[in-house]
Amino acid sequence: MNIPFNKPYLTGAETTYINDAVKNGHISGNGTYTQRCQVFFEEHFGVQKCLLTTSCTDALEMAALLFDIKPGDEVIMPSYTFVSTALAFDRQGAKVVFADCRPDYPVIDENAIEALITPNTKAIVVVHYAGIACNMEAITALAAKYGLWLAEDAAMAIGSTYKLADGSQKALGTFGHLACFSFHETKNIQCGEGGLLVINHEAFVQRAEILWEKGTNRAAFKRGESHSYGWLDTGSSFLPSDMTAAFLFAQTQHAGQIIQRRLQIWHLYHSLLEEAETNGFITRPYVPEYANHNGHTYYILCSSKSIRDSLIAYLNAAGVNAVFHYLPLHQSAYYRAKFSVAELPNTLHFSENLLRLPLYYELDESQLKSICTLVNEFFKMAGLISGF
Ligand SMILES: *Cc1c(COP(=O)(O)O)cnc(C)c1O
């Protein structure tokens, strides 16, 4: 068997659109395909402005600039996340303050946030791990109560929604003042390296475009709103080339189909691993009532780190590339050298026990069954040998 952890899905139209972009003669940033993608996402999210970026990391950096994060400011976020979530705010001189996870699924515990708020707190950043929503009603209420900026690291969450109290569905990425998505090749829709900034706060729209285009008003100039363009603000070159956007545009056209397929795979794992949970060997993902996810990740929780690591080794030896997630940021060498560390027991729990199984569009049913058979065999064998 040779089952990778991820295999980027190609719709087949990527090269067609790239060829078209090349023929158009405009392959630098903010060209036809960038516009097409941005319009697609603006309609999808129902917002006035979306900007393509070269990564989710870039979108997070733009968020830190738009929130005007300065040395002395504090930003509350989970420790259980990818480095980029913290890096973007740390770069602006903020003190990143880590909150623990909920006990039942690995996202920021909405009840752990308020105790961390100080007069220096400027923003909250949430991460929808595995595309499964945080408790956004509680968190938006808290941000409003203390007048804090709210950003969503929605890197994994394209197509996920949140069920509001009145029963309606609201897209993840439309709760925060800003939201950041990733189109890295490991994400549901992808262009190799790419990202998106969703701007839900109208006052940020104009400045966001300036930061995006090297601190200039070039985007407005391009629309004919100004006779020339010049240096107005800080910024960087956050925009991708139009070839990248052309690739991504092909993916946006198939986003619904890709998410449907990933959800099928997710649910098949969930049913085939039910028995292992009933037997007390693993815990399957908990999805709260309010979260409608996008099948981004299927994970299981083992009962100890040593069992988790043995299971990864067992699956890897059989040609199945299972992986763990994340090394908590509060324990990283970089963070510990700068700040004292709090104890975050739920974060450690997920970091030590969580195992991610392969999940990609082309994973077929027989491969998936073989993976689940291996997991079940491992626990039968382990049960016989050591009695755990
Ligand atoms: C993938 C990911 C990122 C980084 O995305 P890039 O596009 O590679 O910069 C950031 N945060 C989370 C939660 C992610 O899963």
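The set of residues in region 112-143 that are assigned to a helix (DSSP H, G or I), closer than 21 Å to Leu301 by Cβ and either open to solvent by 10 Å² or more (accessible area, probe 1.4 Å) or β-branched (Val, Ile, Thr) (or both) contains only Ala112. Scanning region 167-183 for residues that are within 16 Å of the ligand (Cβ to nearest atom) and in a loop (DSSP other than H, G, I, E, B) returns Leu172, Gly173, Phe175, Gly176, Phe183. Just to verify a result, which residue in region 189-208, among those that are open to solvent by 10 Å² or more (accessible area, probe 1.4 Å) and in a loop (DSSP other than H, G, I, E, B), is nearest to the ligand (Cβ to nearest atom)? Here the residue is Glu193. I'm checking my understanding of the structure. Among residues of region 86-96 that are open to solvent by 30 Å² or more (accessible area, probe 1.4 Å) and at negative phi, which one is nearest to the ligand (Cβ to nearest atom)? Here the residue is Leu87.
Restricting attention to region 59-85 and to residues that are near the ligand (Cβ under 10 Å from one of its atoms) and open to solvent by less than 20 Å² (accessible area, probe 1.4 Å), the residue that is farthest from Gly176 (Cα to Cα) turns out to be Tyr80.
Yes or no: Val22 open to solvent by 10 Å² or more (accessible area, probe 1.4 Å), in a strand (DSSP E or B) and over 22 Å from Ala157 (Cα atoms)? No: the conditions fail for Val22.
Going by what's in this entry, would Ala220 be described as farther than 22 Å from Thr186 by Cβ and either touching a Cys at 6+ places or on another chain (Cβ under 6 Å) or at pLDDT 95 or above (or both)? Criteria met by Ala220. Comparison of Thr186, Thr234 shows that the only residue that is open to solvent by 60 Å² or more (accessible area, probe 1.4 Å), among the β-branched types (Val, Ile, Thr) and assigned to a loop (DSSP other than H, G, I, E, B) is Thr234.
Within region 273-289, is even one residue surrounded by fewer than 17 Cβ atoms within 10 Å (Cβ to Cβ) and on the phi > 0 side of the Ramachandran plot? Looking for residues that are surrounded by fewer than 17 Cβ atoms within 10 Å (Cβ to Cβ) and on the phi > 0 side of the Ramachandran plot, one finds at least one in region 273-289, hence yes. For beta carbons closer than 7 Å, sequence separation of 6+ or different chains, a first residue in region 16-31 that is modelled with pLDDT under 95 and a second that is in a helix (DSSP H, G or I), the qualifying pairs are Asn24/Thr32; His26/Thr32; His26/Asp242. Evaluation of Met1 against the conditions (1) surrounded by 15 or more Cβ atoms within 10 Å (Cβ to Cβ); (2) assigned to a loop (DSSP other than H, G, I, E, B); (3) in contact with a Ser or Thr (Cβ under 9 Å, 6 or more places away or on another chain) shows that the sole unmet condition is (1).
The values are calculated or read from the model by the stated rules, or taken from the named source; none is laboratory data. Since the structure is predicted, the reported quantities are computational estimates derived from the model, not experimental observations. We place every Cβ from the backbone using ideal geometry, glycine too, and count neighbours over all the protein chains shown. For the accessible areas, the whole protein counts, side chains as well, though only heavy atoms, and no ligand, DNA or RNA atoms are used. Shrake-Rupley method; radii C 1.70, N 1.55, O 1.52, S 1.80 Å.
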